[in-house]
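Accompanying notes for the structure given below.
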Amino acid sequence: MGSVARTVLGIDPGLANTGWGIVRQEGARLECVAYGCISSRSDDPLAQRLLKVTSQMRAVIARFQPECVGIETVWFGQNVTAAFATGQARGAALVACAEGGLQVGEFSPSQIKLSVVGTGSASKDQVAYMVRHVLGLRDVPRPDHAADALAAAICYTAHDGVSRVEERFGRAAQARGGCASIERTCA
């Protein structure tokens, strides 16, 4: 595959708090560049809160120039109202990513946990601990939304290798006149 060198943005979307993290990848080496959280007040109008997510995410993208983004998908648990709010914030963040021309990888919370900790049922503390360990940080990133965003960036680096192999397999199969999907059997 060759040595990968790129900057990856991770996003943990939320209406009250959208975490973001920037990870620099050089080959197998990962380094934390920066992280933070976009917060909004619950008494602000919804449109203004979403605008804040989009505009501040644009600023993060402009400053750090990532090539790609790993973003957590919305999990519909018991609180459907919170899931809708998270989905709106996620959409606002994705607008900024699309404007920046970033490649997007979307991952469920369990996929992110599995990539970072090794189990899809890991606790928030386990994820934060492993983010600190994998990135060689002195302390656990705070707030936890930022740690979750860094975990999404780490997940992107792990899953992107699989995507690239699947793309190469598809191109090779098409060149031979075979199937273009890794899930199908070539006859």
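The values are calculated or read from the model by the stated rules, or taken from the named source; none is laboratory data. Quantities reported herein were computed from a predicted structural model and do not represent experimental measurements. Using ideal geometry, Cβ is built from the backbone for each residue, glycine included, and neighbour counts are taken over all protein chains shown. What goes into the accessible areas is simple: the full protein's heavy atoms, side chains included, and nothing from ligands, DNA or RNA. Shrake-Rupley method; radii C 1.70, N 1.55, O 1.52, S 1.80 Å.
Looking at (1) touching a helix residue (DSSP H, G or I) at 6+ places or on another chain (Cβ under 7 Å); (2) without any contact (Cβ under 8 Å) to a residue 24 or more places away in the chain; (3) surrounded by fewer than 22 Cβ atoms within 10 Å (Cβ to Cβ), which is the one condition that is false for V131?
Here V131 meets the rest and fails (3).
Can you tell me which of (1) open to solvent by 60 Å² or more (accessible area, probe 1.4 Å); (2) part of a helix (DSSP H, G or I); (3) modelled with pLDDT of 95 or more is the one D43 doesn't meet?
Of everything listed in (1) open to solvent by 60 Å² or more (accessible area, probe 1.4 Å); (2) part of a helix (DSSP H, G or I); (3) modelled with pLDDT of 95 or more, D43 misses just condition (2).
Considering only the stretch 92-108, how many residues are in contact (Cβ under 8 Å) with a residue 12 or more places away in the chain, part of a helix (DSSP H, G or I) and either surrounded by fewer than 20 Cβ atoms within 10 Å (Cβ to Cβ) or among the aliphatic types (A, V, I, L, M) (or both)?
The qualifying residues number 6.
So if I check each of A93, A128, A172, which one is more than 14 Å from L9 (Cα to Cα), at pLDDT 95 or above and not basic (K, R)?
A128
Applying the selection to the stretch 70-82, what residues are surrounded by 15 or more Cβ atoms within 10 Å (Cβ to Cβ) and more than 14 Å from the chain's Cα centre (by Cα)?
A82
Take the stretch 46-62 and flag every residue that is open to solvent by less than 40 Å² (accessible area, probe 1.4 Å) and polar (S, T, N, Q).
Answer for the stretch 46-62, where residues must be open to solvent by less than 40 Å² (accessible area, probe 1.4 Å) and polar (S, T, N, Q): just T54.
Among the numbered conditions (1) outside any strand (DSSP E or B); (2) open to solvent by 20 Å² or more (accessible area, probe 1.4 Å); (3) out of contact with any Asp or Glu (no Cβ under 8 Å at 6 or more places or on another chain); (4) not aromatic (F, W, Y), tell me where C32 comes up short.
Of the numbered conditions (1) outside any strand (DSSP E or B); (2) open to solvent by 20 Å² or more (accessible area, probe 1.4 Å); (3) out of contact with any Asp or Glu (no Cβ under 8 Å at 6 or more places or on another chain); (4) not aromatic (F, W, Y), the odd one out for C32 is (1).
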